Amino acid sequence: SMAYALLDHLKTDPAAAIFHVCGRFHVEFFLGVLDNIEHLLLHDRKFQHIQLHRDEFRVVVCIPVDDDVFDQQANQNWAAFRRDARLATLADFIVFTRASAFATTHDDDQDDDHLAALLSDDVALDVPDDPK
């Protein structure tokens, strides 16, 4: 797993600073990789000597948005959107990027649906109320 590989590297180089890049699904709401790291630290003898605390992690989630939404001045919902309390539990930092800057070739509409919900007129987020 990603968590195992990260901890395995820290085991061999405890002073290492790691910059791990993955799809946002793997770290949103501090779940996925972070949960697995915490589980391994507690339950895998191989890693129990590693002293690692949650406050040593910084989670950054990048969300591509359409150009017309990216322009904060033109988006009348921007202020309400950025104050939505559910964004506070998404990550330590959220980076909004221009979707047009990335060419997508996959057929998966899940990201588009997720973004549409994130940026809808009623500022609703398509996320569980209690992610943990």
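Nothing in this text is a laboratory measurement; each read-out follows from the coordinates by a stated rule. Quick caveat: nothing in here was measured; it's all calculated off a predicted structure. Cβ sites come from the backbone with ideal geometry, for glycine too, and all protein chains shown count toward neighbours.
Count the net charge of all other residues whose Cβ sits under 14 Å from the Cβ of Ser1, scoring Lys and Arg as +1 and Asp and Glu as -1. Could the numbers behind the result be given before it?
Working: positive: Lys46; negative: Asp8, Asp35, Glu38, Asp44.
Around Ser1, the charge tally is -3.
Determine, for each peptide in 13-26, 86-99, the mean count of other beta carbons within 10 angstrom over its residues, then list the peptides with the highest first. If you can, show how the numbers build up before the last one.
Working: 13-26: 10.4, 86-99: 14.5.
Order by mean packing, descending: 86-99, 13-26.
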Mind listing the long-range amide H neighbours of Arg98? Cut-off is under 5 Å, sequence gap 5 or more, other chains count too, H placed in the peptide plane at 1.01 Å from N.
-> Val65
